[in-house]
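First up is the structure itself, then whatever we jot down about it.
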Ligand SMILES: [Zn+2]
């Protein structure tokens, strides 16, 4: 009897181990260096910083739509969560092209891949997805006469599938450097990757990663932020909570600067009501991140806030110039 019980336990353990090894998969080689220290350690008010920084052009591409529920988008257990958001929604997955007058072109996230874009690690989760021919970021660049060789950096807010799905096709065609936080790339490489929402199948290519933590400096209103080029045109703002290494970004566009919350606030309601996303590794950190982004938005008159996945900002839109 006891022998049969131990046999059964052994079978269950072996089945779990086999599932875990298959879900973990293997990712490409990752080489990591850092961006170097801040170049201007005495920042002034945000309005002054942005007034003297180069102005960049920013274009958003809707690479497709994914279906997600409040367990991902907005905390369903928060009493302030509106009833109409306590259901599954189709939400856009965006990649941005930033064009700097002297430092070249940068992609901010990579959006969804071409072809079949559904993904997940069953039975943990599965994400239904819709896209169309030409909506992926490689096609978007091609339509502008650009190739991957024209991209100098890919800045990743985080590596979940709706942001990193397009990465493999980009890295197949070239080798832009990838900028992200140290925490994010640590978690991508961790054995806990399957439950943290990272898909090995999207991360099979070798990656040259530059972590931005060394460049962080204390800035007004928002706390720590990294001046990516050292000229004030692109600010990377750690906003942990949804993932440990999540980043939001502030871009010096005109006529209005653009604040991209990425998944610190999936929807407008997350940001406006101060409600954490449904999917977090640290809910109180997620709420603190939203509060910091609010303080930043309050410090920059007329800033245009673009949320991670707000359908109302992208319905009927294929691509959008967010300023230059
Ligand atoms: Zn997302």
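The values are calculated or read from the model by the stated rules, or taken from the named source; none is laboratory data. The structure displayed is predicted, hence computed values, not measured ones. Reconstructed Cβ throughout: ideal geometry from the backbone, glycine too, with neighbour counts over all protein chains shown.
Inspect the stretch 291-298 for any residue being in contact (Cβ under 8 Å) with a residue 12 or more places away in the chain, more than 16 Å from the ligand (Cβ to nearest atom), within 18 Å of the chain's Cα centre (by Cα) and more than 28 Å from residue 55 (Cβ to Cβ) and give the result as yes or no.
Checking the stretch 291-298: not a single residue is in contact (Cβ under 8 Å) with a residue 12 or more places away in the chain, more than 16 Å from the ligand (Cβ to nearest atom), within 18 Å of the chain's Cα centre (by Cα) and more than 28 Å from residue 55 (Cβ to Cβ).
Go through the stretch 244-273 and give me each residue that's farther than 21 Å from residue 85 by Cβ and assigned to a loop (DSSP other than H, G, I, E, B).
Those that are farther than 21 Å from residue 85 by Cβ and assigned to a loop (DSSP other than H, G, I, E, B): 244, 245, 252, 253, 254, 255, 256, 257.
Only one of (1) touching a strand residue (DSSP E or B) at 6+ places or on another chain (Cβ under 7 Å); (2) at pLDDT 95 or above fails for residue 175. Which number is that?
The one condition residue 175 does not meet is (2).
When residue 91 is evaluated against the numbered criteria (1) away from the ligand (no atom under 14 Å from the Cβ); (2) surrounded by 15 or more Cβ atoms within 10 Å (Cβ to Cβ); (3) outside any loop (DSSP other than H, G, I, E, B), which criterion, by number, is the only one it fails?
Looking at each condition in turn, residue 91 falls short on (1).
Taking strands (runs of 3 or more DSSP E) that fall entirely within the stretch 110-214, which contain at least 3 residues that are on the phi < 0 side of the Ramachandran plot, away from the ligand (no atom under 16 Å from the Cβ) and within 17 Å of the chain's Cα centre (by Cα)?
Filter on the stretch 110-214 gives 177-180, 207-211.
Being more than 16 Å from the ligand (Cβ to nearest atom) and closer than 24 Å to residue 222 by Cα is the filter here; which residues of the stretch 49-88 pass it?
Hits for the stretch 49-88 are 49, 50, 51, 52, 53, 54, 55, 56, 57, 58.
Would you check which residues across the stretch 74-100 are closer than 24 Å to residue 128 by Cα and free of Cβ contacts under 8 Å to residues at least 12 places away in the same chain and list them?
77, 83, 84
Checking the condition more than 16 Å from the ligand (Cβ to nearest atom) and surrounded by fewer than 11 Cβ atoms within 10 Å (Cβ to Cβ), which residue from 5, 39, 35, 98 passes?
Within the list 5, 39, 35, 98, the selection yields 5.
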